[in-house]
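The structure under discussion appears below in the form of structure tokens.
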Amino acid sequence: MAHAGVVSSAKQLVTTTGIAVHGDALFGENNFKVQDKDLTNYALDCYLTADSRRLISSYNGIPLVWERNYGKGKFIVINTDGYARKTGRGFLIAAISRIHDDFIYPIISSKVIFIDDFPAPVPDGTLPSIYEEFQMSTRDFFRNVWWPDMLGFARRYDLKYTGFIIETYNDHVHGDFVADTGYTSKQYLVSYGRELLKMGGELGLHGYNHQPLAPAGYNQKELDYNPWENTVKMEQALTELKHYVADVYPDYVLRAYVPPSNILSPEGRRTIRKVFPTVNIFCSLYDGTYEERCYYQDFDRHEDDSYDVPRISAGFIIRDNVYWKNIYIANAYGIISHFVHPDEMYYTEEENISWLLFRKEFGEYAKRLKEDFPWLRAATTSEVAQHMDTYFDLDYRTSYLKNGDLKIKVQGHKGKEVFFVFKSSKQIKRVADCSIRKLGDETYLLVTKSKQCTISFE
């Protein structure tokens, strides 16, 4: 196997932990490294020839992706099952992009932050963790601390939020779908909603209540949810939600929906589109296990003019193993998709964590995104769908001119900006009819509105 860069290897697969990226094999963070026991891959433990170039390894040094020149070409070897998973598409990008001297592919170029359960009813009284820290009621905390902090993050780190409205937290699925949260909750919809829209954000839907729109068999018992007996009841509940929102924002066009607990049946999806015909963007999860019965998605556009915009990562506290997903998906699609819940500090597993720590961690995450991916466009969910339209409509061809210049023909983008990742080991001398920005040692962002552009090399 020496021609593939291997001196010797184990005869059986071993389980590797953690990840180490060498150089800018995956752009976003050069030499990214994380030790995490939950981040595992299967691989052959092997030793490489001295002239092999590692691209990605496990944390303790087992090579997972490498390249080796061979004659006039090269080998790219993937020694892991990680590429077979949706979140492992970064492995394939790292490999495929090294096959040719020059490699270019389109990306969506968006950064979207979802706030689930917002605006939503806020509980009366105090929570011990909040009161001990701020001596405020829960409502005063969200009004005077949490929301100003979130607006501050948006200003400092170039974020746009899409908030997903929930009307009530009752568990009704059989009837009595009424506005039972009172005047105060309606005022939250008014005040928070207006401020969200004013900062360039968007309002979407989360539900009349937090009961997933699904019949029995979607893991409801384990999650302490109630199944809906039929679509008629779903429609009645969503109609009440429609009245609730229209009473405050009669002319606002709602486009996006996040299913409670990321569970959505085909019947539920059809009912949402029936009651809210303008809602055509569905935002659930990118990957997970079948047993959870969640609605898993790709970034996709369907023939019925609907879109799937999955959320990739979550939480106010983002560990490196979660950030790793961001790097993967940014390399594959050029998008960051993250969500938070205002009530995260209510969770049993988080109840001893103060907002000051949440604020510090989320601020560091937002800053990291801005520094690592400054070229991603802050977007609402509807804007992401527009960016996806351009991405899906795009067609492009590449060819070399006699002088060695790379010519890129672009079609289908209707004069809108299109974004490409361009990888090359050559030195770029100049570009024409496009702009180029360095993302790593051999990685660039190319942006153009033209039907044709060229790259000239030294």
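Only the coordinates and a few stated rules stand behind these numbers; no lab work does. Computed from a prediction, not measured in an experiment: that's the story for all the values here. Heads up, the Cβs are rebuilt from the backbone with ideal geometry, glycines too, and the neighbour counts pull from every protein chain shown.
Placing unit charges on each Cβ (+1 for Lys and Arg, -1 for Asp and Glu) gives the chain a dipole about its Cα centre, and among ALA10, GLY125, ILE353 the Cα reaching farthest toward its positive end belongs to ALA10.
Checking every one of the trypsin sites (Lys or Arg not before Pro) in the range 4-57 against DSSP loop status and a limit of 11 other Cβ atoms within 10 Å picks out LYS37. Cysteines of the chain lacking any other cysteine Cβ under 4.7 Å from their own Cβ: CYS46, CYS283, CYS294. Taking the Cα centre of the range 1-88 as reference, the dipole from Cβ charges on Lys and Arg (+1) and Asp and Glu (-1) amounts to some 240 debye. Working from label points 7 Å from Cα in the Cα-to-Cβ sense, the TYR131 to ILE353 distance is 2.3 nm. With a Förster radius of 35 Å applied to the beta-carbon distance between ASP140 and THR40, the computed FRET efficiency rounds to 0.20. Ordering THR80, THR271, THR390 by the number of other Cβ atoms within 10 Å of each residue's own Cβ, fewest first, gives THR390, THR271, THR80. Axis angle, to the nearest 10 degrees, between helix 355-372 and the longest C-alpha principal axis of the chain: 40 degrees. The charge dipole of the range 394-457, taken about the Cα centre with unit charges on the Cβ atoms of Lys, Arg (+1) and Asp, Glu (-1), comes to about 180 debye, rounded to the nearest 20. To the nearest 10 degrees, how steep is helix 320-333 against the longest Cα principal axis of the chain, on a 0 to 90 scale? For 320-333 against the chain, the angle is about 70 degrees. Binning the alpha carbon pair distances of the range 394-457 at 10 angstrom intervals from zero yields the distribution 22, 57, 21, 0, expressed in whole percent.
Computed over the range 9-110, the quotient of the alpha carbon radius of gyration and 2.2 N^0.38 Å is 1.07. With only the Cα atoms considered, the range 148-201 has a convex hull volume of 93 Å³ per residue. The label point for LYS72 and the one for SER191, both projected 7 Å from the Cα toward the Cβ, are 7.2 nm apart.
Taking the centroid of alpha carbons for each part, the range 242-292 and the range 335-405 are 21 Å apart. Here the chain is assigned +1 on the Cβ of each Lys and Arg and -1 on the Cβ of each Asp and Glu. Its dipole about the Cα centre then comes out at about 2480 debye. Neighbours of ASP405, meaning other residues whose beta-carbon lies under 14 angstrom from its beta-carbon, give a summed charge of +2 when Lys and Arg score +1 and Asp and Glu score -1. Using the Cβ-Cβ distance between THR184 and LEU223 with R0 set to 35 Å, the FRET efficiency from 1/(1 + (r/R0)^6) comes to roughly 0.80. Subtracting the Cα-Cα distance of ASP405 and GLU303 from 0.36 nm times their residue separation leaves 32.9 nm of extension gain. The amide H of LEU205, built 1.01 Å from its N in the peptide plane, has ILE165, ALA256, TYR257, VAL258 as neighbours under 5 Å, considering only residues 5 or more places off or on other chains.
Using alpha carbons only, the radius of gyration of the chain set against its Kirkwood radius gives Rg/Rh = 1.01. Sorting CYS46, CYS283, CYS453 from the fewest to the most surrounding beta carbons within 10 angstrom yields CYS46, CYS453, CYS283. Between THR17 and VAL447, the distance separating the two model label sites (each 7 Å from Cα on the Cα→Cβ line) works out to 4.2 nm.
Cross-link partners of LYS451 among lysines, defined as those whose alpha carbon lies under 29 angstrom from its own and excluding same-chain residues fewer than eight positions apart: LYS111, LYS402, LYS407, LYS409, LYS414, LYS416, LYS423, LYS426, LYS429, LYS438. Exposure proxy ranking for TYR218, TYR444, TYR257, based on other Cβ atoms within 10 angstrom of each Cβ and starting from the fewest, stands as TYR444, TYR218, TYR257. For the chain, the longest principal axis of the C-alpha atoms and the axis of helix 147-157 are separated by about 20°.
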